[in-house]
Amino acid sequence: MHKEPNIVDIDTFIDERGKINFLEIGKEIDFAINRVYFISNVSPNKERGDHAHKKLRQFIIAVGGRVEIELDDGKNKFNFVLDSTDKGLYVPCGYWRVLRFFDKNTHCFVFASEKYDAQDYIRNYQEFLDYKKQM
Ligand code: T46
């Protein structure tokens, strides 16, 4: 299990028909996928996220555009750009995340390790810092 966030290369095959990307559990994604969701139609001046997860791990791919993602472990901030289906971002648990600067037509495909659980969210930044101190 990865503990750090990281950009993961996604296999690509291109021929005269176009391009295909493929990823597998146990290769690019190191957790069983229990949920998939999609984010779209986000205005460039709007942000999503602004929360952390206690248990949830995720793998995010941006399709058709570009998005910037900031991950914060309570001490340091890490910035990533997703702008191609050739790469995805692994997001471990315990990171505050902000998704911003969405290009028009950017769709984020998110593969999640857990089913939806409102109790897994920390939506207050001070609570997040307190939670990290207890760990
Ligand atoms: C994350 C970032 C990247 C559900 O009922 N089921 C779901 O599976 C999801 C993802 C959301 N919802 C409900 C919960 C809220 O009432 O949809 C509403 C909007 O969700 P939220 O404000 O959490 O959306 P984002 O884009 O801020 O955050 C989402 C994920 O929730 C979160 O886990 O890491 O995308």
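Read-outs throughout are calculated quantities, based only on the coordinates presented, and are distinct from any laboratory measurement. Keep in mind the model is a prediction, meaning the values are calculated, not measured. Note: ideal-geometry Cβ built from the backbone for every residue, glycine included; neighbour counts use all protein chains shown.
Run down 77, 55, 19, 46 and say which single residue is charged (D, E, K, R), over 22 Å from residue 129 (Cα atoms) and surrounded by 11 or more Cβ atoms within 10 Å (Cβ to Cβ).
46
List the residue pairs whose Cβ atoms are under 9 Å apart, where the first residue sits in the range 103-128 and is within 12 Å of the ligand (Cβ to nearest atom), the second is in a helix (DSSP H, G or I), and the two are 6 or more positions apart or on different chains.
Sorted first by the residue in the range 103-128, then by its partner, the pairs are 114/120; 122/128; 122/131.
Is at least one residue of the range 36-48 small (Gly, Ala, Ser), touching a residue at least 24 places away in the same chain (Cβ under 8 Å), touching a Ser or Thr at 6+ places or on another chain (Cβ under 8 Å) and more than 13 Å from residue 59 (Cα to Cα)? Break it down into steps so the answer makes sense when it comes.
Pass one, the range 36-48, residues small (Gly, Ala, Ser): 40, 43.
From what's left, touching a residue at least 24 places away in the same chain (Cβ under 8 Å): 40, 43.
Cutting the leftovers down to touching a Ser or Thr at 6+ places or on another chain (Cβ under 8 Å) gives us 40.
Subset that is more than 13 Å from residue 59 (Cα to Cα): 40.
Yes, because at least one residue in the range 36-48 is small (Gly, Ala, Ser), touching a residue at least 24 places away in the same chain (Cβ under 8 Å), touching a Ser or Thr at 6+ places or on another chain (Cβ under 8 Å) and more than 13 Å from residue 59 (Cα to Cα).
Return a yes/no flag: does the range 79-99 have any residue that is closer than 22 Å to residue 120 by Cβ, more than 13 Å from the ligand (Cβ to nearest atom) and either assigned to a loop (DSSP other than H, G, I, E, B) or in contact with a Phe, Trp or Tyr (Cβ under 7 Å, 6 or more places away or on another chain) (or both).
No, the range 79-99 contains no residue that is closer than 22 Å to residue 120 by Cβ, more than 13 Å from the ligand (Cβ to nearest atom) and either assigned to a loop (DSSP other than H, G, I, E, B) or in contact with a Phe, Trp or Tyr (Cβ under 7 Å, 6 or more places away or on another chain) (or both).
Just checking, which of 60, 29 is more than 30 Å from residue 126 (Cβ to Cβ), within 16 Å of the ligand (Cβ to nearest atom), among the aliphatic types (A, V, I, L, M) and surrounded by 16 or more Cβ atoms within 10 Å (Cβ to Cβ)?
It is 29.
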